[in-house]
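Working notes, structure below.
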Amino acid sequence: MPFKHKKAERTVRLLSQCFDLNSSKSPCLKTAFFANDPCLYDSEGVRAFLSLYDCLAPYPQKHPLSYLEAEEVYRQCAASLSLRVAKPLRYETVYYEYGGHEDGAFEQLSLTLPIFLDENDYMIYSPQNDTYQYGFYHYGKLREGDPMGICPSGHLLIRLETQKEKRPRMILAGDAFTPFLVPYIAHHYDICLHAPLQNDVSLSRDLFGFRPDVFLLLGGITLLESPVLIHALLSQ
């Protein structure tokens, strides 16, 4: 068995131990993996794991390529979690410069963002730099070509400021695509976001301290090889 398959199966065993389907006290685990490395599906352990925890059929492409495909991921996650789908009021398309070439040129990409009627009712707190933001987006940065200023990134805690009753909690972890689901998932859960998955200490702390009702691991199936995820699970 290739080494990366062994790492993936090790993660699968740890996830299955931490999120026991037969325990009422264990957080619910859901996954939404994409087929960016199809050979990993040849692993018997990974296939068995996905048959229990995967909330959508693996996508044939690496990641959703449009906002419609991103919303389809959300709808399938919502169906798996028995959630009523939240619908945007409208959409706004912005453009930003991405990457860089040796000649200093950048690619200009378009990004279509869902805009919700109650968008400003949500407060985002970023423990890394101790800042607060109301709403899902930094509207002042939408036209400045700053994609990281548009959507939440890094380690963020989101809560609905105007809602006083206790809401269920979710740790939403994965790759750089994951933050674009935040405006949708925030209608259902208080969220602790780890995307991109990059700090095993903080993830381990939040798995214990945030006390999530649901742990949603979303993105490329190669996340199962991530040492960040493995180390965080081993510390539990």
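The values are calculated or read from the model by the stated rules, or taken from the named source; none is laboratory data. Since the structure is predicted, the reported quantities are computational estimates derived from the model, not experimental observations. Cβ sites come from the backbone with ideal geometry, for glycine too, and all protein chains shown count toward neighbours. Areas reflect the complete protein model, heavy atoms only, side chains present, ligands, DNA and RNA absent. Shrake-Rupley method; radii C 1.70, N 1.55, O 1.52, S 1.80 Å.
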- Message: Just to be sure I understand the filter: pairs with C-beta atoms under 6 Å, separated by 6 or more residues or on different chains, first member in the stretch 69-80 and touching a residue at least 12 places away in the same chain (Cβ under 8 Å) and closer than 13 Å to PRO183 by Cβ, second member in a helix (DSSP H, G or I) and open to solvent by less than 10 Å² (accessible area, probe 1.4 Å). Which pairs pass?
- Response: TYR74/LEU181; TYR74/TYR184
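If I ask for residues that are of a type in the set (S, T, N, Q), open to solvent by 50 Å² or more (accessible area, probe 1.4 Å) and either touching a helix residue (DSSP H, G or I) at 6+ places or on another chain (Cβ under 9 Å) or assigned to a helix (DSSP H, G or I) (or both), which ones from the stretch 10-35 would you list? Before the answer, list the steps.
Narrowing the stretch 10-35 to residues of a type in the set (S, T, N, Q): 11, 16-17, 22-24, 26, 31.
Next, from what is left, pick out any that are open to solvent by 50 Å² or more (accessible area, probe 1.4 Å): 17, 22, 24.
Residue satisfying the conditions is GLN17 alone.
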- Message: Suppose we filter TYR132, TYR98, TYR91 for residues that are open to solvent by 60 Å² or more (accessible area, probe 1.4 Å) and modelled with pLDDT of 80 or more; which single one remains?
- Response: TYR91
- Query: For the subset of the stretch 156-195 comprising residues that are open to solvent by 20 Å² or more (accessible area, probe 1.4 Å) and assigned to a strand (DSSP E or B), which member is modelled with the lowest pLDDT?
  - Reply: LEU160
- Query: within 19 Å of GLN17 (Cα to Cα) and modelled with pLDDT under 85: does that describe GLN236?
  - Reply: yes
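Give the residues of the stretch 77-88 that are surrounded by fewer than 16 Cβ atoms within 10 Å (Cβ to Cβ) and within 21 Å of ILE221 (Cα to Cα), sorted by residue number.
ALA79 - this is the single residue of the stretch 77-88 that is surrounded by fewer than 16 Cβ atoms within 10 Å (Cβ to Cβ) and within 21 Å of ILE221 (Cα to Cα).
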- Query: Which residues, taken from the stretch 24-57, are of a type in the set (Ser, Thr, Tyr) and under 22 Å from PHE177 (Cβ atoms)?
  - Reply: THR31, TYR41, TYR53
